[in-house]
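Have a look at the structure below, then the notes.
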Amino acid sequence: MVRKPGRMRLLAGAAALVTIAAGVLSRSLPVVGNALGGIAYPLLLALLVVLVWPTVRPWIAAAVATAASFAVELLQLTAIPARLVDAVPPLRWVLGSTFGWEDLLWYSAGGVVAVGAVALIRRASRRGPDGAGVHR
């Protein structure tokens, strides 16, 4: 079956918008909000990887996203994110504010979810508009 990069980007973009909405909404959930947000962060990053590189393998997109998530979290052990957020407050959504070891666990879970999500997007991008597989 033929992969369709344009369709991959469209599906990844739509999934990214849903993931952003879910991440924002997760902030209002007191018990599970941090976990859902932590899972959504690498998922969103993996979907952004697919937007840039639509032929990427799911595990590579997830690995890049999880590594980036870990890097941002570990950067919070320095004063750099706080300084950047002071200068540009919306960066708090990207850089966070304080280090939390449990976030690393949620990012790992998000990486696993990302593998599945990207695999589903790849499978869906191979289908025609009627849902049938495209053969060449």
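The values are calculated or read from the model by the stated rules, or taken from the named source; none is laboratory data. Just so it is clear, the model here is predicted, and its values are computed rather than measured. Note that we place each Cβ from the backbone using ideal geometry, even for glycine, and neighbour counts take in every protein chain shown. For the accessible areas, the whole protein counts, side chains as well, though only heavy atoms, and no ligand, DNA or RNA atoms are used. Shrake-Rupley method; radii C 1.70, N 1.55, O 1.52, S 1.80 Å.
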Of every hundred units of 1.4 Å-probe accessible area on the chain, the number belonging to carbon and sulfur atoms, as a percent, is 71 percent
Qualifying trypsin sites (Lys or Arg not before Pro) in segment 1-86, DSSP loop, other Cβ atoms within 10 Å at most 10:
none
Extension length gain for ASP86 and ALA119 (0.36 nm per residue less Cα distance), in nm, is 8.1 nm
Considering only protein heavy atoms, what per residue accessible area in square angstrom results for the chain with a 1.4 angstrom probe?
58 Å²
Would you mind calculating the gained length between VAL24 and ALA67 on full extension (0.36 nm times residue separation, minus the Cα-Cα distance), in nm to one decimal?
13.3 nm
